[in-house]
Every structure is written in structure tokens, then in C-alpha cells.
DNA sequence: GCAAAAGTGTTCTAGGTACACCCATGT
DNA sequence: ACATGGGTGTACCTAGAACACTTTTGC
């Protein structure tokens, strides 16, 4: 009798969101990390995140945390998985819903937050030690991103509105960590008919200007029917 | 100052797990549902699930709920996604971590639970009205299962230890909801070299006996390297 | 001998992979 | 004229898709 009523409050849990925000800088994939300002693990690096409020959806909480760190509203954000080992946080039981997000490097403007000492981008291959199970979360996010690249258009989220085919190919190469054949890449990308020539050209050095393209689809699309992008 | 301490208890949330348990009966994919014994929605059908306890991992909570319904310990269980709209439960804010699970029809033994009036299998194509967002969760589980079938060996979880190639093909056909070519199916399945002839034969009617196979790998494997099973 | 499911190979086609040279520009 | 990255086409090969008949058994 009493058990049912006693159990109720006991079952309430702390729920957080953590976001693995990727961008590309200097030809490498980077992840945004926050240096913790408060114990536990004060000074250690962690993923941006925080508590889910009672009046917002979990997705909204992730978006909000991201905005508080980066000042950016519209990023591509996708739920990854929920991590719920009872001892993953030493203070108390915390269940976290992990997300990953992609942002074009031109749009990033970091903003220090009150409860974080500093925010910085780290190359995903050279991460500092991370608190809790955040290393595992980043590894999982990277795995998901690598898979997703093969059959969706998530890569475009890492590029500015207009980009050249070579820049696009670089994004694929950086994420997949392997070189791709230029002719095969272009052939495949263009025959998908998802890119539109922007009309303009871009010239970086003393060479032939590169044609600029845009991705007119509103968001990320899955290419199951159109033709899979896969291993090239 | 006071804010930080006040916010803390407010941020505690009710967290549940819900499991979409699939099995195959009568050549159709079925889902296990529970008829609610208590308000709200008393008498309505819902996915099996319950609160995550403070001392167990979220995965363990899903396993425990499943055991309480089916009496079965080792099922294939995979986290699907977390559903966290603030108004998905009319009583209060409940965040649920959804799972899907697969079980061989021979191993299912339903057991009525104290807080559920009844448990029953429903064809996934003829579900009754479901409470909360459970209809959406089932749809998502089905989508995941259909994808997963193409590049993993999850299907074997729906079959007994020993099975014929025709039975295996039926499982694929039922899940994908399309007919497959017998010769191409067998060719592809056998060249993956993941099946072992069990030695025995199975005969159902007045026809040639079918060779029995087993799947010796301990669990579900991903076929990325071995060769993708995909659309046949 | 007939009904009913088990079992078996080949051809065609599409798409992935490998590969090398000319083009436009700035200095 | 040369250095630099942009841009283009073909041949080969593998894997998926389509397709029909023989085998084994019970009645």
C-alpha cells in the first residue's frame, strides 16, 4: 500500500542533455568542449550540456544548451542515444540524452557561459581527457556521423551556403578519414541532382576559379531512393 | 544564489522505459501490448514499460520490465530513442527511453503482471489505439527493424535455434513486407558463411525435408565488412 | 503418379572502381 | 612559361536482379 506512494518520489531522476557539436577547421573535424567551472572535475573538459527543464522537450533542451554556448540557432541536431549507467556521474544518478550537431565553421561564435570557464574547439583525434562517459559519447557520435554521411546529406551542414565541389569532397574525406577519387566523387554527386549551381565562382589562389554550388533542399535528406552515396 | 539550489529538485523528472517487443506468429509480425489496469486510460492498450529505478541502468530497466512481462531473460534488446515532449503524459512530465526487442516465438510465455490487466500479441498492422505516443514509438521501432535487417543478423533472433532457409526467408519477407527470390536469397545467405548446417532435417508435410541450420555467432553481428544483406 | 515444398545456375544489367590529361588563372 | 588546383570520360569488374526446372517425400 504504502510502497506505491513511497516509490513515486524516489523514482524521479536528474536528466541532462549533452551535445557533441562538430565543425571543420583547418582540414580537421573538431568538437566543441567546455572547461568546467565548478566541481566535480573543476577545470576538466566536458561536452556542453545541462539539465532538461520540466517545461521543455528534451530536443528543445539540447537546442537551448547549444544556443547558450554558440549563439547559433539553426544547426542540424540529431538525437544520438541515452546513457543511463547509474554511476556515470559520481554525485548522483544522472541520465543523459546525447545529441550530435553539425555547424558550418563560418557561423560559429563562441560565447562563454556563466557555469563554464571556457569553451574551445578540439580536433576529434586529439581530445583532452573528458569527464564522466563523455569520451564514449563522442566516439559514438563520430561513428554515427560516419555512417550517416553515406546515405544522407548531413555533410552540407558543415559547409557555408555556397561551396565548391572540392570543398564538399574535403568534408567527406575528413569525416571518413580516407581519400576519395575526384572524378568518381563529382560524377556521383552531380548525378544525384541535389546540387544547384549558384552561378558564381570562387578563387583562392592562382588557379582556375571553382564553380560554386548550393544545396537547395531545406534540410537533410535521406538518399535511400535517390541513390546511396556510400563508400565511393 | 538561491536559484541554483531551488532549481535542483525542480529538475528531477520521471523517467520510464517502454519496450516494443516483436515476434512472429502466423506469418505476421506481432507486438506485445499490455492492457492498462489503472488510470489514466484504464483499459487502453500500451507498450510494456515502467519507471527506471535509481539503482539500475536504463538498459537494465528495460530488461527487467521485459522479464516481468514475458518471463524471458535473454532477448535481443536495443535502445531506440528517447521521447521527451513535455505533454506526452497528461499526468505529469515523463521522459521515456524506448527500446525494441526481438524474441523467438517458441520462447514466449506471457505472465500477467500486477499493474496490468492483460498482455496480448497484436499484428503490427492491426494495432488497437495506443496510449500516449506509443503508436509513434511502434512505428519508429518498425522502421529501425526494417533498416537493421539489411545489414545485421537481427532476424535470427526471431527464429528458434535451428531453422530452415525457407523459414529464414519468410522472416525477411514478413519484416520487409515484400517477396524475395528464393535462389538469390539462398545464394546470398550461404555465401555470407555465417550459417552452419545443423545436421538434421525438418519435415512439415508430404514434401522433401528441409535442411536445418544454426547461427553459431553468439549475438547479432553487423555485416558491413562481410557483405551487406540489403534489398536482395 | 501427383501434390507440395526443397533445392539448384546462368544471364543480364547497373553501378562502383580505377585511372590521366587538359583548362583557367596569377605571377 | 609555369605552377596550382579545377574540371572531365572510359574501360573493367563485381554484385544485384531476373528467371525455371529437378528432387524428395507422403499419400
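The values are calculated or read from the model by the stated rules, or taken from the named source; none is laboratory data. Computed from a predicted structure; not experimentally measured. All Cβ positions, even for glycine, are placed from backbone atoms using ideal geometry, and neighbour counts span all protein chains on display.
From A:90, A:40, A:86, which residue is without any contact (Cβ under 8 Å) to a residue 40 or more places away in the chain, surrounded by fewer than 20 Cβ atoms within 10 Å (Cβ to Cβ) and more than 26 Å from residue A:155 (Cβ to Cβ)?
Values: A:90 fails: without any contact (Cβ under 8 Å) to a residue 40 or more places away in the chain; A:40 fails: without any contact (Cβ under 8 Å) to a residue 40 or more places away in the chain.
So the residue among A:90, A:40, A:86 that is without any contact (Cβ under 8 Å) to a residue 40 or more places away in the chain, surrounded by fewer than 20 Cβ atoms within 10 Å (Cβ to Cβ) and more than 26 Å from residue A:155 (Cβ to Cβ) is A:86.
Summed over the stretch A:191-203, residues that are more than 12 Å from DNA strand D (Cβ to nearest atom) and within 24 Å of residue A:101 (Cα to Cα) total 1. Among the conditions (1) at pLDDT 95 or above; (2) touching a strand residue (DSSP E or B) at 6+ places or on another chain (Cβ under 7 Å); (3) within 14 Å of another protein chain (Cβ to nearest Cβ); (4) not in a strand (DSSP E or B), the only one that residue A:92 does not satisfy is (1).
When you look at residue B:98, is it touching a strand residue (DSSP E or B) at 6+ places or on another chain (Cβ under 6 Å), modelled with pLDDT under 95 and over 19 Å from residue B:159 (Cβ atoms), yes or no?
On the way: touching a strand residue (DSSP E or B) at 6+ places or on another chain (Cβ under 6 Å): yes; modelled with pLDDT under 95: no; over 19 Å from residue B:159 (Cβ atoms): yes.
So residue B:98 does not fit the description; no.
When each of A:31, A:97, A:19 is tested for being within 8 Å of chain B (Cβ to nearest Cβ) and either over 24 Å from residue B:59 (Cβ atoms) or not in a loop (DSSP other than H, G, I, E, B) (or both), the lone residue that passes is A:97. Looking only at residues in the stretch A:154-190 that are farther than 26 Å from residue A:126 by Cα and more than 9 Å from DNA strand D (Cβ to nearest atom), the one that is surrounded by the most Cβ atoms within 10 Å (Cβ to Cβ) is A:163. Tell me which residues, restricted to the stretch B:46-61, are in contact with a helix residue (DSSP H, G or I) (Cβ under 6 Å, 6 or more places away or on another chain) and within 14 Å of another protein chain (Cβ to nearest Cβ). Listed by number, the residues that qualify are B:49, B:50, B:52.
Tally time: how many residues in the stretch B:62-83 are facing another protein chain (nearest Cβ under 9 Å) and surrounded by fewer than 22 Cβ atoms within 10 Å (Cβ to Cβ)? So that I can check it myself, show each step before the final result.
Step one: of the stretch B:62-83, the residues facing another protein chain (nearest Cβ under 9 Å) are B:79, B:81-83.
Add one more test, that the residue is surrounded by fewer than 22 Cβ atoms within 10 Å (Cβ to Cβ), and what stays is B:79, B:81.
Matching residues across the stretch B:62-83 total 2.
Check whether at least one residue in the stretch B:138-147 is within 16 Å of DNA strand D (Cβ to nearest atom) and under 30 Å from residue A:57 (Cβ atoms), and report yes or no. Yes, the stretch B:138-147 has at least one match.
Against the numbered list (1) within 16 Å of DNA strand C (Cβ to nearest atom); (2) closer than 28 Å to residue B:148 by Cβ; (3) in contact (Cβ under 8 Å) with a residue 24 or more places away in the chain; (4) surrounded by fewer than 16 Cβ atoms within 10 Å (Cβ to Cβ), residue A:219 comes up short only at (1). The numbered conditions (1) part of a loop (DSSP other than H, G, I, E, B); (2) at the interface with chain A (Cβ under 10 Å from one of its Cβ atoms) are all true for residue B:43 except (2).
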